[in-house]
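These notes are about the structure you will find just below.
The values are calculated or read from the model by the stated rules, or taken from the named source; none is laboratory data. All values reported here derive from a predicted model rather than from experimental measurement. Don't worry about glycine lacking a Cβ; one is built from the backbone with ideal geometry, like all the others, and counts go over all protein chains shown. Only protein heavy atoms, including side chains, enter the accessible area calculation; ligands, DNA and RNA are left aside. Shrake-Rupley method; radii C 1.70, N 1.55, O 1.52, S 1.80 Å.
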Amino acid sequence: MVRVPQQFASAPRDAEDAAGAAVDSYGRLISLLDAGGARYRVIDHAPEGRTEVVSAYRGHPVSHAAKCLVVMVKTGKRTKRYFLAVIPGDARVDLPGLKALAHGTYVSFASTDRAEALSGSVSGTILPFSFHPDLELIVDPGLLEHPEIYFNAARLDRSLALDTRDYRDHLDRAGARIAPITAEDA
């Protein structure tokens with residue numbers, strides 16, 4: 001389970017709130033980064049949620065982008081766990097591998113409504129941070145090989161370039177898991 005500091009935690013939201021929550025998610029993100037003294041740059045660009053396209057707008061290799069996907073793993077007949085899988089932008093998530101890590105019986109991408117409700121952002125703008133206690137953060141180590149990571153900042157028209165050392169510090173503080181979760185043929 002990821003530890004979310006109380007001042008940054010959000011109450012569970014309905015999917016209908018996800019679009020309106022983008023402002024809240026952006027504000028929480030900036031507050032979290034500033035409180036931790038993180039080094040980041042804000043990059044404004046044309047609205048875009050596709051990793052390959054927005055990476056070109058931001059001027060970096062696609063592999064430096066943090067692709068954020070919400071995955072559902074069934075761990076029993078009536079038990080589900082949700083993971084925020086953060087992988088390099090040019091990779092594919094290894095769903096069977098994530099299922100094995102979670103000791104699950106079934107795995108799939110979460111529905112758009114559920115992903116947006118848990119992440120507090122619309123699809124294409126999901127942050128590589130979890131502010132929801134039911135969304136477990138897991139990051140592929142391949143993303144952490146670059147000096148900066150890039151991601152849409154809960155908005156289609158604004159991104160952040162975040163110093164990877166500061167992201168790693170956040171992962172350590174939050175108790176997030178770092179494990180290989182990309183497909184071999186990516």
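Within the range 117-131, does at least one residue satisfy the condition of being open to solvent by 20 Å² or more (accessible area, probe 1.4 Å), β-branched (Val, Ile, Thr) and touching a residue at least 60 places away in the same chain (Cβ under 8 Å)? Within the range 117-131 (the criterion being open to solvent by 20 Å² or more (accessible area, probe 1.4 Å), β-branched (Val, Ile, Thr) and touching a residue at least 60 places away in the same chain (Cβ under 8 Å)), the answer is yes, since at least one residue qualifies. Residues in the range 29-61 that are within 27 Å of residue 173 (Cα to Cα), open to solvent by 50 Å² or more (accessible area, probe 1.4 Å) and part of a helix (DSSP H, G or I): 31, 34, 35.
What strands (runs of 3 or more DSSP E) completely inside the range 120-186 contain at least 1 residues that are more than 23 Å from residue 54 (Cα to Cα) and acidic (Asp, Glu)?
Numbers: elements: 135-139, 148-152, 158-163.
The strands (runs of 3 or more DSSP E) meeting that bar are 135-139.
Quick one: how many residues across the range 20-44 are among the β-branched types (Val, Ile, Thr) and at pLDDT below 95? So the answer is 1. Take the residues in the range 62-82 that are more than 19 Å from residue 126 (Cα to Cα) and part of a strand (DSSP E or B); name whichever of them is most open to solvent (accessible area, probe 1.4 Å). Looking at the filtered set, the residue picked out is 80.
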